[in-house]
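The values are calculated or read from the model by the stated rules, or taken from the named source; none is laboratory data. Note that this is a predicted model, so its numbers are computed, not measured. Every residue, glycine as well, gets a Cβ built from its backbone with ideal geometry; the counts of neighbours run over all protein chains shown.
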Amino acid sequence: MILAVALLPGTAAATSAAAATPAHAAAAAAAPAKKHQSSDSGPAVYHDLSPTLAAMAAASGPAHGDRVAPDEDTPLPHPTRAAADPVVQTAPGTKAAVPLANNWDAIGPNTGYSDTGVPPDPNAAVGTTQVMELVNTAYAVYSKTGSTIIGATNTSSFWSGFGGFCQSANDGDATVAFDRLANRWVVQQFANVTSSSGPYYECVAVSTSADATGTYNRYSYQFTNFPDYPKLAVWPQAYFTTYNMFTPAGAFVDAEICAMNRSAMLTGAAASQQCFTTSSTYGGILAGDVDGTAAPPAGEDETVVGLGATATTLATWKFHVDWTTPANSAFTGPAALTVASYTTACGTSGTCIPQSGTTQQLDSLSDRIMYRLAYRNFGDHEALVTDDAVTAGSGVGVRWYELRMTSGSTPTVYQQGTYAPDSTYRWMGSIAMDKAGSIALGYSQSSSSVHPSIRFTGRAAGDTLGSMTQAETTIITGAGSQTSYSRWGDYTSMSVDPTDDCTFFYTDEYEPATGNFNWQTRIASFQLPNCTATADYSISASPASGSVTSGTSATTTVSTAATGGDTESVTFSASGLPSGATAAFSPTSVTAGGSSTLTIATAASTPAGTYPITVTGTGTAHTHTTTYSLTVTPPATNDFSISVSPATGSVTQGSAATVSVSTAVASGTAQTVTFSATGVPAGATATFSPASATAGSGSTLTIATSAGTAIGNFTVNVVGTYPGGSPTHSASYTLAVTAPSTGGIVNGGFETGDLSGWTTAGSASVVNSGAHSGTYAARIGATTPTNGDSSAAQTFTAPSGSGTLSFWYNVFCPDTVTYDWATATLKDNTANTTSTVLAKTCVNPSSGWKQITAPVTAGHSYTLTLTSHDDNYSGDPTYTLYDDATLSAAASNPIVNGGFETGSLSGWTATGAASAAVNSGAHSGTYAARLGSTSPTNGDSSIAQTFTAAGGGTLSFWYNVTCPDTVTYDWATATLKDNTANTTATVLAQTCAASS
C-alpha cells in the first residue's frame, strides 16, 4: 500500500501496508476456538459486468504513478527473538545454476512508467497464455515471453464505469491471482483508505474467461475498519482475502480473513462474503492458494498460517465456509505448530538491510510470512510452502517451510531451512512448488557492497531436506540503491505456469540507478531440472447434460486438451446408452487438443429417465473419461397459450375497438387455434381476422359497438380452441363503453394516429406501442436527448354535465427531477386561473401508467397543457407518454361533512379524544379533525361513518401524523369495511413519524 506523505504516521490513512499494533500480546489459548465473525460479513455493496479490460485500458490511458508511503511502518505483532537458528544453510547449493527462459523489465521507468512513490508492491500471476503484473496502483499484461499486451495502466481502471470509490480512488495494495481450477483471473484493490472515518472498500474483479483483456464480473465490499495489506488466495469454496485491520484512527485491531462466494462470482451473480477475525495477538496471516490441476479433496476447509505467538512456532487456523447456512461457517484456531527457533530480521524496527553507496537502510518486513502460502495436492499428501525474513548470523536470510497434511488435517513441518549462504542480506522472498514437488525461492539481495538485486534458488523433491541445492541464479544485478526511503517491496510473487505446471514466473524490484523514486520491476521465467512435461491429455463434454424427447437427438461437443508433452491420437466411444439410443462421433478420433461432436439419437420407444453416459477417449498412452447426463422425456402433448394486447380499451357508442390476439406453442407441435369471444356487451359484435390461425401466430379481434350498446365496463373473454375442442385457453380483455362526447376534448386518446386537435411544441409525436388503451398514445419528448420543454396543448369547453378531467401518463426519466421531468397544467380561461394538475415528476425505471384527475366547471373554457422537459444531457433522454384525456360527470360525495367544515364532527361517530374544532393546519378549507390530543391519552381515539358508495368511485382522504414515539407504541391507522361483502381492508397501515 502507498499513501500520501501529507498524512502523519500513526493515523489510519497514513498506516503503511505493514502497519499494525506496536506490541506483541500474550500467547493464544492452547485449545482452538471458533473465532468471532466480523460485522464485515454480508452481501457485496454493488456488482456488475465490465466492458473488456482492453477497452477500459484504452479509455484510461497510461498510469499516473504511485504515491509515497510513510517511511516508517509499525511492526505487526510477532515474536522477535529466540535461540540461535539451528537450520541455517551457510553454503550455496552445489547443483548448477538454473538458466532463465525469459527475463524482461516490466512496470517501471525503463518501460515508460513514472515512479512517484515507494514501495512498488510487485506481484504477478501467469495464466494459460498471458502474464499480468500489478504494482501498487498500476497493472500491465504481457505475453509469456514479455511482449506488452496492455502497458502500465491505473489499477482503478478495472472498475471504470462501476462508480464509487472503486472507480475513483486508485489506492493500491492490489494483488492478482489466476484461478487454475476455473481458468479465471482475480484482481483486488482496496479503496477510500485515506478517509479518516471510513467506510473502506475492497474492490474485486473476476474475469469471465482465461483472457486477461476480456470482461470481468466486478464487486465491492464495505468495511468499518481499514482493511490493510489484502492478500488473495484461490480455494474451491471461496476466494479468500486476508487483512490487517486498523481503526480509522490508526490503532491495530486484529487480523481478518474474508471468504467471497467464488461460485457466484464466476457466474456474475450477487456474491456475499463471510469474515472472521483473530485476536490482536496475530497479524499478517495468509490463506492457502491452490496451484496445479488437482483441487483439494472435496469439501476440505481452507488452511490459514501466520507467525506464531513465540519464536519457535507458526500459528495455523481452519476456515469452514457454508454458503447454504452461513451460521455453520467457522474459523477455528490457532493451533501452535512448532518450528526451528528463529530471530526475526532487524530487531524491533524491522529496518537494517544495507545498500551499496548509501547509508539508507531498507525495511525487512520480517513481522509476517511472505506472499504466497502456495498449496499443492500431490494425491498422497498436500503441501504448503511459505517464507519470512530472519536473522542469520550478522545478516539476514530467508526462512522457508514446507508443511504437509492429509485430507485437510492440521499441518506438520515436513522440512524447513534458512537460506543464508554468505554475508549478503536476502529478504522479501516468495516461494512455490512445481508439479514434481521441486521448490523455487525468489528474493531480494543487498549488502554494503552490492546494490539491491533479484535472485532465486531451488531444490528438487528428492534432495536433502532443509537445503536449497541449486546454485543461485541472478535475474538482474541492481545498478543503484534507493535513497531517502526505507520501504522496499512489501511483497513479491513466485507463481507457476498452469499450462505445463513446471515453469516458474518470479517478479521483484531493483534499482536501475541510485535515487529515491526510480524502482524498476522485473519478471523472469525458468524451470527446475526435475520437472518435465509428461505427455497426457484431458477430456470434457460441453454441455455436460442435455434433455430430449423420445424420438429426437441431443448433441454435445467433446473436447480434448493436451496437458503436457507430445500430443497423441484419441479415439472416442460411448457407453451407458438407454434402450433404443445410438451414439455417433464426428470425427471419431482427433489429435489431443481437438474436439468432436457427439450425437445421441433416441427412438420413439426409448424409455423416459436420466442416463449417465460415459464418454471415453482412448489415446496412444492414456485413457480418460468424462460423463454426459442425458434426460429422456416422453413426447409432449400438444398445447398452446393465448394472450391479448392491450388488455384494456375504451370506445364511445357507435365506434369499434381492436385487439391483437397472440398465441404460442406451449408443448408438442403447433395446431390450428379457432377463436371466439364471450362477454361481448349487448348491441356489440366481435369478429376475428383470421377466424383461426396456427399456434405461434395470431389474429385481430374487432369489437364494434352501436348507438344502443350499453354504457359501462365489460370483461370480454377471448377464447382459443384446438381441434376436437381440447385444450381450450382464454385471455381477458376489459372494454369500457362510453357515451359520445357532445363537446370537450378532441382526440383525447390519440386514436386518429396523429396529434390532430392538439397544438404542439418541441418534440411531440404519436406512437403505436405502449398505449394505456387502444392503439395509440402521445409521446412528448423523444428517445434521444432534447433541449427544454416539449408539449401538447388543447383548448376546450367543458360540456354540460361534466365535472372531472382525467388523463393518464407514463414517464420515462433516467435523470433526476432537478433536471428532467413530466408536468401538466390546466388553465381555466374563464376564471383566468392556472393549476398544476401534475407536479414535476421523474421516475427511473418507469413505474407504469398513472391517472391524474382534476375538477372542471361545465361551460368554462380550459387549456390543458401536457409537458415533458429534458436537459439535453447525453445518455439520459427523458420523455412521457400521455393517453386517454377525457371529461366525465362529477360524482356526488356520499360522505357527510368529509371536510369537517361544519366546525364539528356531525355525520361521524367519535370515540376517545376526537375534535373537529381544529381551525389551523387544515389540508383545505378552515377545519380538520384531530384524533388524539396535544396531551397524552390512553388507547385508541377514532371517528367512523357508514355510507353507500356510487359505482366506479374512489375513496380518498388526507392525514398528517405527529408522533414523537415509535410505531411500536403509538400510531395512526385507518380501515375501510365493505359491509355488503363483509370484508375489511387496512387502507392506512400503522405509521408514526416524529416530524409530521
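Across segment 298-329, the qualifying residues are those that are in a loop (DSSP other than H, G, I, E, B) and of a type in the set (Asp, Glu), and the one among them that is surrounded by the most Cβ atoms within 10 Å (Cβ to Cβ) is Glu300.
Among the conditions (1) outside any strand (DSSP E or B); (2) closer than 30 Å to Gly712 by Cα, Thr968 misses just one, which is (2).
One line per residue, one yes/no per condition, for (1) in the same structural domain as Ser802 (by TED's automatic domain parsing); (2) farther than 27 Å from Pro855 by Cα; (3) surrounded by 14 or more Cβ atoms within 10 Å (Cβ to Cβ):
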{"position": "Thr902", "(1), (2), (3)": "no, no, no"}
{"position": "Ala913", "(1), (2), (3)": "no, yes, yes"}
{"position": "Ala922", "(1), (2), (3)": "no, no, yes"}
{"position": "Asn960", "(1), (2), (3)": "no, no, no"}
{"position": "Asp965", "(1), (2), (3)": "no, yes, no"}
{"position": "Ala981", "(1), (2), (3)": "no, yes, no"}
{"position": "Thr984", "(1), (2), (3)": "no, yes, no"}
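Against the definition (within 43 Å of the chain's Cα centre (by Cα), crowded, with 24+ Cβ neighbours inside 10 Å and touching a residue at least 40 places away in the same chain (Cβ under 8 Å)), how does Ile475 come out, yes or no? The answer is no for Ile475. Does Tyr375 satisfy being under 34 Å from the mean Cα position of the chain (by Cα) and closer than 19 Å to Tyr506 by Cα? Considered against the rule, which asks whether it is under 34 Å from the mean Cα position of the chain (by Cα) and closer than 19 Å to Tyr506 by Cα, Tyr375 comes out as yes.
The numbered conditions (1) surrounded by fewer than 17 Cβ atoms within 10 Å (Cβ to Cβ); (2) not assigned by TED's automatic domain parsing to the domain that holds Arg426 are all true for Ala513 except (2). When the strands (runs of 3 or more DSSP E) confined to segment 109-200 are screened for residues that are of a type in the set (S, T, N, Q), buried (at least 24 other Cβ atoms within 10 Å of the Cβ) and at pLDDT 95 or above, none reaches at least 3 such residues. The set of residues in segment 162-190 being in contact (Cβ under 8 Å) with a residue 60 or more places away in the chain and under 22 Å from Thr116 (Cβ atoms) consists of Asn170, Asp171, Gly172, Asp173, Thr175, Phe190. Please verify whether segment 103-119 includes one or more residues that are closer than 18 Å to Asp179 by Cα and among the hydroxyl-bearing types (Ser, Thr, Tyr). Scanning segment 103-119 turns up no residue that is closer than 18 Å to Asp179 by Cα and among the hydroxyl-bearing types (Ser, Thr, Tyr). Being surrounded by fewer than 16 Cβ atoms within 10 Å (Cβ to Cβ) and either part of a helix (DSSP H, G or I) or in contact with a helix residue (DSSP H, G or I) (Cβ under 6 Å, 6 or more places away or on another chain) (or both) is a description that does not apply to Gly654. The set of residues in segment 833-848 that are surrounded by 15 or more Cβ atoms within 10 Å (Cβ to Cβ) and of a type in the set (A, V, I, L, M, F, W, C) comprises Val837, Leu838, Cys842, Val843.
The strands (runs of 3 or more DSSP E) located wholly in segment 507-589 that include 1 or more residues which are touching a residue at least 60 places away in the same chain (Cβ under 8 Å), closer than 14 Å to Thr614 by Cα and of a type outside the set (Val, Ile, Thr) occupy 536-542, 545-549.
Take the conditions within 30 Å of Gly801 (Cα to Cα) and either assigned to a loop (DSSP other than H, G, I, E, B) or small (Gly, Ala, Ser) (or both) and apply them to Gly774. Does it pass? Yes: the conditions hold for Gly774.
Could you please find all residues in segment 389-418 being in a strand (DSSP E or B) and either surrounded by fewer than 16 Cβ atoms within 10 Å (Cβ to Cβ) or charged (D, E, K, R) (or both)? I'd like the intermediate steps shown before the answer.
Applying the first criterion (in a strand (DSSP E or B)) to segment 389-418 yields 389-392, 395-405, 412-418.
Listed by number, the residues that qualify are Arg399, Glu402, Arg404, Thr412, Val413.
Of all the residues in segment 677-693, those that are exposed (fewer than 14 other Cβ atoms within 10 Å of the Cβ), part of a strand (DSSP E or B) and touching a residue at least 24 places away in the same chain (Cβ under 8 Å) number 1. Scanning segment 692-717 for residues that are within 44 Å of the chain's Cα centre (by Cα) and among the aliphatic types (A, V, I, L, M) turns up just one, Ala695.
Taking the numbered list (1) closer than 24 Å to Gly875 by Cβ; (2) surrounded by 15 or more Cβ atoms within 10 Å (Cβ to Cβ) in turn, Thr797 passes all entries but (1).
Considering each residue of segment 330-349, count those that are outside any loop (DSSP other than H, G, I, E, B) and either within 31 Å of the chain's Cα centre (by Cα) or buried (at least 18 other Cβ atoms within 10 Å of the Cβ) (or both), and give that number.
9
Within the group Ala584, Ala544, Ala561, Ala554, which residue is buried (at least 19 other Cβ atoms within 10 Å of the Cβ) and not assigned by TED's automatic domain parsing to the domain that holds Ala97? Don't jump to the end; show me each part of the working.
On the way: Ala584 fails: buried (at least 19 other Cβ atoms within 10 Å of the Cβ); Ala544 fails: buried (at least 19 other Cβ atoms within 10 Å of the Cβ); Ala561 fails: buried (at least 19 other Cβ atoms within 10 Å of the Cβ).
From the options Ala584, Ala544, Ala561, Ala554, the qualifying one is Ala554.
Look at segment 818-837: where a residue is assigned by TED's automatic domain parsing to the domain that holds Asn787 and aromatic (Phe, Trp, Tyr) and a partner is surrounded by fewer than 19 Cβ atoms within 10 Å (Cβ to Cβ) and assigned to a strand (DSSP E or B), sitting 6+ places away or on another chain with Cβ atoms under 7 Å, you get Tyr819/Asp871; Trp821/Lys840; Trp821/Thr841. Beta carbons closer than 8 Å, at least 6 apart along the sequence or on distinct chains, pair a first residue in segment 707-721 that is on the phi > 0 side of the Ramachandran plot with a second that is surrounded by 12 or more Cβ atoms within 10 Å (Cβ to Cβ) for Gly712/Pro681; Gly712/Ala736; Gly712/Val737.
Anything in segment 431-467 that is within 21 Å of Thr90 (Cβ to Cβ) and in a loop (DSSP other than H, G, I, E, B)? List them, or say none.
Once the filter is applied, which keeps residues that are within 21 Å of Thr90 (Cβ to Cβ) and in a loop (DSSP other than H, G, I, E, B), segment 431-467 yields Ser448, Ser449, Ala460, Asp463, Thr464, Leu465, Gly466, Ser467.
In the set Ala541, Ala608, only one residue is under 39 Å from the mean Cα position of the chain (by Cα) and at pLDDT 90 or above; that residue is Ala541. When Gly437 is tested against the conditions (1) on the phi > 0 side of the Ramachandran plot; (2) at pLDDT below 95, the lone failure is (2).
Test Asp228 against the stated conditions and say whether it is surrounded by fewer than 22 Cβ atoms within 10 Å (Cβ to Cβ), charged (D, E, K, R) and either in contact (Cβ under 8 Å) with a residue 12 or more places away in the chain or closer than 30 Å to Ser438 by Cβ (or both). In short, no.
Screening Asp820, Asp828 for residues that are acidic (Asp, Glu) and within 38 Å of the chain's Cα centre (by Cα) leaves exactly one candidate, Asp820.
Look through segment 591-631, keep the residues that are farther than 19 Å from Pro543 by Cβ and of a type in the set (A, V, I, L, M), and return whichever of them is surrounded by the most Cβ atoms within 10 Å (Cβ to Cβ).
Keep residues of segment 591-631 that are farther than 19 Å from Pro543 by Cβ, which gives 591-593, 603-608, 618-623.
Checking which are of a type in the set (A, V, I, L, M) leaves us with 592, 603-604, 608, 621.
Values: Ala592: 24, Ala603: 15, Ala604: 11, Ala608: 12, Ala621: 11.
Only one residue tops the list, namely Ala592.
Let me confirm something: among Ala251, Ala295, Ala264, which residue is under 19 Å from the mean Cα position of the chain (by Cα), of a type in the set (A, V, I, L, M) and surrounded by fewer than 24 Cβ atoms within 10 Å (Cβ to Cβ)? From the options Ala251, Ala295, Ala264, the qualifying one is Ala264.
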